[in-house]
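Below: one structure, written as structure tokens.
Every read-out reported here was derived from the displayed coordinates using simple, explicitly stated rules and does not represent laboratory data. Quick caveat: nothing in here was measured; it's all calculated off a predicted structure. Cβ atoms come from the backbone with ideal geometry, glycine included; neighbour counts cover every protein chain shown.
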Amino acid sequence: MSTYYDIFNGDADGLCALHQLRLATPRHAQLITGVKRDIQLLDRVQAQAARAGDEITVLDISMKSNAAALAALLGRGVKCQYFDHHASGVVPRHANLTAHIDTAPDICTSLIVDRHLEGRQRPWAVVAAFGDNLVASAIRAAQPLDLDHTELARLHELGDCLNYNAYGDTVDDLHYHPADLYRTIEPYRDPREFMIDEPVFDVLKNACREDLYRAEETKPEFAVDTAALYVLPDAAWARRVNGVFGNRLAQENPQCAHAVLVSKADGYVVSVRAPLANPSGADALCARFETGGGRKSAAGINRLPQARLAAFVDAFREAYAR
Ligand SMILES: [Mn+2]
């Protein structure tokens with residue numbers, strides 16, 4: 001008997017991408033997911049000894065970061081369907097691999113899945129696009145749904161809340177394990193019903209508001225018209241809220257690039273968002289540092305050692321402070 005694995009990023013985009021696919025094609029699969037930054041997920045399938053005839057569906061995690069595990073699984077006869085919008089590296093040509101990769105800055109994985117499903121689970125793609133901070137794309141995708149302003153704002157809030165839940169060092173920092181969150185969403189074809197029927201939305205909304213309030217008390221380390229840099233303390237609330245905080249800053253100042261650093265015992269976790277008005281350069285900046293990577297519009301460094309802080313601040317200023 002073959003085994004199915006659904007492997008997805010634990011953020012709004014990963015969750016909603018899987019949800020759309022499984023609404024269209026229900027399938028009993030083992031779920032493999034984690035915090036947003038935990039993208040080495042294919043290693044875990046490999047460790048579980050997937051065999052020839054098994055099938056994996058991979059959503060919203062970079063193929064480049066999983067290239068070795070993917071090659072090993074394909075070589076073992078595992079069939080793979082891959083949807084993603086992160087830098088992929090060279091996509092292997094293999095009979096067992098179907099890859100849907102689009103790295104355009106206004107596309108997220110859920111919009112790629114939406115295209116694949118010809119818009120059949122559109123409301124969840126809209127939620128995901130909001131969650132990935134692709135507001136214009138979300139509004140465009142929502143047009144045929146004929147939602148009023150209030151409904152659209154609610155989907156926006158849900159996207160933000162699901163995205164917020166994925167941020168943390170480990171799943172212990174999170175309010176809900178992403179696999180549990182997926183199981184809660186699974187029965188709902190309409191996100192509006194999910195928000196009414198499940199307490200999850202209100203729990204996340206209130207928790208997020210509390211964390212954001214603390215973040216907004218933080219003064220920037222430096223701020224000019226085109227760039228601002230914040231350092232948050234070594235605390236669970238800071239690890240949870242830094243993504244939403246970054247999105248908030250980006251929306252409030254679309255001409256400005258933002259870096260949000262969260263302190264750790266021996267350094268920082270770094271998130272960089274390019275200006276919304278000119279979404280470029282974040283990936284190149286972060287790639288200059290070990291453990292750095294991401295997309296043109298949003299990128300990060302998983303571990304910036306204390307000793308490299310000054311080098312990062314200089315590089316960030318050089319890239320965006322003109
Ligand atoms: Mn995504």
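Rounded to the nearest 5, what % of the DSSP beta bridges within the stretch 218-320 are antiparallel ones? If we restrict to bridges inside the stretch 218-320, about 75 percent are antiparallel.
Cross-link reach is defined here as a Cα-Cα straight distance under 17 Å, omitting same-chain residues fewer than 8 places apart; for K79 the aspartates and glutamates meeting it are D6, D43, D54, E55.
With a cut-off of 19 Å on the backbone N, the residues of the stretch 129-145 near the modelled label site 7 Å out from Q251 along Cα-Cβ are 129-143. With K and R counted +1 and D and E -1, the other residues having a Cβ less than 10 Å from that of A274 yield a net charge of +2.
Other residues with beta-carbon under 12 Å from the beta-carbon of N247 carry, at +1 per Lys or Arg and -1 per Asp or Glu, a net charge of -2.
Between D266 and K219, 0.36 nm times their residue separation minus their Cα-Cα distance comes to what? Please report the intermediate quantities before stating the final value.
Details: separation 47, 0.36 × 47 = 16.92 nm, distance 2.19 nm.
Value of the extension gain: 14.7 nm.
On a full-extension model of 0.36 nm per residue, what is the gain between K205 and A104, subtracting their alpha-carbon distance, rounded to one decimal in nm?
33.4 nm
Each peptide in 212-225, 17-30 was scored by the mean count of other Cβ atoms within 10 Å over its residues; highest first, the order is 17-30, 212-225.
Taking 0.36 nm per intervening residue step and subtracting the Cα-Cα distance, what contour gain separates H28 from T170 on full extension? Numbers along the way, then the final one.
Values: separation 142, 0.36 × 142 = 51.12 nm, distance 2.59 nm.
Once the chain is fully extended between H28 and T170, it gains 48.5 nm.
Taking other Cβ within 10 Å of each residue's Cβ, how do C286, C256 sort, fewest first?
Details: C286 27, C256 21.
Result, fewest neighbours first: C256, C286.
For the stretch 220-293, the relative contact order comes to 26 percent (Cα pairs under 8 Å, sequence separation of at least 6).
Averaging over all projection directions, find the projected area of the Cα convex hull of the stretch 1-153 and quote it in nm² with one decimal place.
On the way: hull surface 35.4 nm².
For the stretch 1-153, averaging the hull's shadow over all directions gives 8.8 nm².
For the pair the stretch 235-250 and the stretch 1-68, the centres of their Cα atoms are 26 angstrom apart.
Looking at this model, which pairs from K36/K205; K205/K296; K36/K264 are more than 26 angstrom apart at the alpha-carbon?
K205/K296
A Förster radius of 22 Å combined with the Cβ-Cβ distance from L117 to Q143 puts the calculated FRET efficiency at roughly 0.80. Can you tell me the orientation of helix 149-165 relative to the chain, as the angle in degrees between its alpha-carbon axis and the longest Cα principal axis, to the nearest 10? Between helix and principal axis, roughly 90 degrees. The distance linking the stretch 268-321 with the stretch 115-170 is 26 Å (Cα centroid to Cα centroid, whole angstrom).
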